[in-house]
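J.: Take this structure first; my questions come after.
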Amino acid sequence: MGSYLVTGATGLIGRHFTQLLLGREDTERVALLVRESSREKLAELVRGWPHADRVTLVTGDLGEELLGVAEDVRDRLRGGVDHLVHLAALYDLTADDEESIKANVEGTQHVLGLAADLRAGCLHHVSSVAVAGDHEGMFTEEMFDTGQRLPTAYHRTKFEAERLVREQHEVPWRVYRPAVVVGHSQTGEMDKIDGPYYLFPAISRLASLPNLPAAGPDLGDTNVVPVDYVAKTLLELVAKPGLDGRAFHLVSPEPQSVVSVYNAFASAAGAPTINVELDERVSRAMIGLVRLTEHIPGFTIARDAVLERLGIPPVLLDTMSFPSVFSSAATRKELAGSGVDLPRLADYAPVLWRYWREHLDPFRARKHGPRGELDGRRVVITGASSGIGRAAALKVAVEGGIPLLIARRRHELEEVRDEILAAGGHASVYPADLTDEESVHKAVDAMLAEHGHVDMLVNNAGRSIRRSIRLSYDRFHDYERAMAINYFGAVRLILALLPHMSERKFGHIVNVSSIGVQGIAPRFSAYAASKAALDYFSKIAATETHGDGITFTTIHMPLVRTPMIRPTKIYDAFPTKSPDQAADMVLKALKERPKHIGTPIGQAIGLAYALTPGFTDAVAYQGFRIFPDSAAAGGSGGLKIGRGDRHLSKAATALARLTRGFHW
């Protein structure tokens, strides 16, 4: 069978083809072109393949002349390469012209230069059925340029690459055009999201509606083949003599309707299948209507937003089906008696689905354990040593979550952890100062090293300063201290975790804000401003990370009886929530992930300020007058420490009860 030089051996088809090639007894030598950066990865693969001693790794790069192969290496290979199999390419419908041209066109030019320099026996070029473009009707293996339109950069550059191979006369050639390549029919192995895999997240969501009867339009035909069939077919055709100057379609002999492909995977996923296919005329009218609406301002943006949420590139709408029917008569004739058969998609679709769900599902991190939404979730909770943070950690653990506890004092965190462990839960302790960059990154690194991932973050730690502005003229540090922990500390931790969450396509961040942000809270200019800053940071961050599956909840928390409010003794008389009740709000934010959680009073105050800001100012001013500065703030006003309700005026008591939970 001879000696080989293979490009793209680390790719999906390349891995399977090369492994099969090495398994043949008549294969003498195989040189594999590899970039320096991928050399060790390929060497590791080769070690697990048969007859690894036949393999030589050749350092090179598709982007360089003669593939960047050193002169002394070319001298050793020259005249000794019977087959140069060119598999390396960019297979991406969403790629732009520049990167597609560089990989597919310029890369092929460089391969041709090397093939000529080495005096290779035959160049085997792996093209694609995409070269048919929008050609309608039968597209045979003898056809190439029929005046077809090529809709994407991928189509155009695969066509141009094949043209380069066909028009050169220095090296004998063969061309292979696979259809849409999916994973291995027996193992499900696949290396990237492509073709029908783009529909899998939507199918996964539909799996919760298994009995929903479904009707759908006729979306045309496609053509899907598993990678093991492509690799076996390619090997048979490469090895067979007398086939130079021909093209071969590595396709399903019969076109597969898009609906049947959807049904195969929907059935594997337990999702509704399309059991009623609409008439062709109705289908065309529906598709035409959708295309017309693309010209309506804003429609395309809204459509693309929905598609992106499902992980579907908009270009797939125009390339999902093939107007061409690919004849493979010549290929099947050459394969006769080889034992290479194409399995039925319906038979191996469950294998592909399982592999995708376990290894490729971009949203697999969103799946929770059987006990509920928090089961198995790693939840970072700041300020976890007491108050709301401690209560929330205990409740998260009861739900099956694993609280990752952050506060400054280790021994207090360990007490919370021990309480969780004693109840049969799990928790870990990470002492950190949120105002210190190094301390935060050290804690995050430790979390990821010990737990592998973080699912959720509760920014609960905070500093409250109740002091009127007239007592703050010489206390600018109050504002700096409030911002340092309430805003910068929270943002510092968010920024440390966002790259990790973005990579996993899942993350939820809960910010414990304040009811004071919804209205006007006199004496809380430092505290409310720092919380408002975090509110707006999160609104903007939520838009930018929307495509990464990261969500934010802001809790406008009412007054809670925690150690933080203890210095303000008038709060002894105020109606407040308990830490347990506040923790229930945090738990709701983690489990349901709404944009906002608050109280009716907070919403009413916010609405009042939006509709009647002048009147609301006047009411707030009265509150400012009747509630004195606390002794801790340096105020006087006759306030006594102790049983505060005896020293509040009737007006103050009434206002506190009317605005239940508000910070006065």
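The values are calculated or read from the model by the stated rules, or taken from the named source; none is laboratory data. Only a predicted model underlies this, so the values are computations on that prediction, with no experimental measurement involved. Cβ coordinates were reconstructed from backbone atoms using ideal geometry, including for glycine residues, and neighbour counts include every protein chain displayed.
J.: Could you grab me the full set of residues in the stretch 409-442 that are assigned to a helix (DSSP H, G or I) and of a type in the set (Asp, Glu)?
T.: Across the stretch 409-442, the qualifying residues are Glu412, Glu414, Glu415, Asp418, Glu419, Glu437, Glu438.
J.: Take the residues in the stretch 443-476 that are basic (Lys, Arg) and assigned to a loop (DSSP other than H, G, I, E, B), then tell me which one is surrounded by the fewest Cβ atoms within 10 Å (Cβ to Cβ).
T.: Arg475
J.: From the list Thr7, Thr27, pick out the single residue that is among the β-branched types (Val, Ile, Thr) and at pLDDT below 95.
T.: Result of the check over Thr7, Thr27: Thr27.
J.: Moving on. Exactly one of these conditions fails for Asp218: (1) in contact with a Ser or Thr (Cβ under 9 Å, 6 or more places away or on another chain); (2) at pLDDT 90 or above. Give me its number.
T.: Result: Asp218 fails condition (2) only.
J.: Please determine, by comparing only the residues of the stretch 221-246 that are farther than 20 Å from Gly14 by Cβ and assigned to a strand (DSSP E or B), which one is modelled with the highest pLDDT.
T.: Here the residue is Thr222.
J.: Counting just the residues of the stretch 360-391 that are acidic (Asp, Glu) and farther than 16 Å from Thr551 by Cα, which one comes out surrounded by the most Cβ atoms within 10 Å (Cβ to Cβ)?
T.: Asp361
J.: Hand me the list of strands (runs of 3 or more DSSP E) wholly inside the stretch 98-216 holding 1 or more residues that are surrounded by 19 or more Cβ atoms within 10 Å (Cβ to Cβ) and in contact with a helix residue (DSSP H, G or I) (Cβ under 7 Å, 6 or more places away or on another chain).
T.: Once the strands (runs of 3 or more DSSP E) in the stretch 98-216 are filtered for at least 1 residues that are surrounded by 19 or more Cβ atoms within 10 Å (Cβ to Cβ) and in contact with a helix residue (DSSP H, G or I) (Cβ under 7 Å, 6 or more places away or on another chain), what remains is 123-126, 137-139, 173-178, 180-182.
J.: Just to be sure, is Val126 farther than 25 Å from Leu342 by Cα and touching a strand residue (DSSP E or B) at 6+ places or on another chain (Cβ under 6 Å)?
T.: No, not satisfied.
J.: Tell me whether the stretch 29-42 contains one or more residues that are over 35 Å from the mean Cα position of the chain (by Cα), closer than 27 Å to Ser128 by Cα and touching a residue at least 60 places away in the same chain (Cβ under 8 Å).
T.: no
J.: Another question, then. Before we move on, is Ile13 touching a Leu at 6+ places or on another chain (Cβ under 8 Å) and touching a residue at least 40 places away in the same chain (Cβ under 8 Å)?
T.: Against the criterion (touching a Leu at 6+ places or on another chain (Cβ under 8 Å) and touching a residue at least 40 places away in the same chain (Cβ under 8 Å)), Ile13 qualifies.
J.: Here is a follow-up. Could you list, in sequence order, all residues of the stretch 328-345 that are aliphatic (A, V, I, L, M) and surrounded by 15 or more Cβ atoms within 10 Å (Cβ to Cβ)?
T.: Answer for the stretch 328-345, where residues must be aliphatic (A, V, I, L, M) and surrounded by 15 or more Cβ atoms within 10 Å (Cβ to Cβ): Ala330, Leu335, Val340, Leu342, Leu345.
J.: If you scan the stretch 477-502, which residues turn out to be surrounded by 18 or more Cβ atoms within 10 Å (Cβ to Cβ), under 23 Å from Ile550 (Cβ atoms) and among the small types (Gly, Ala, Ser)?
T.: Matches in the stretch 477-502: Gly489, Ala490, Ala496.
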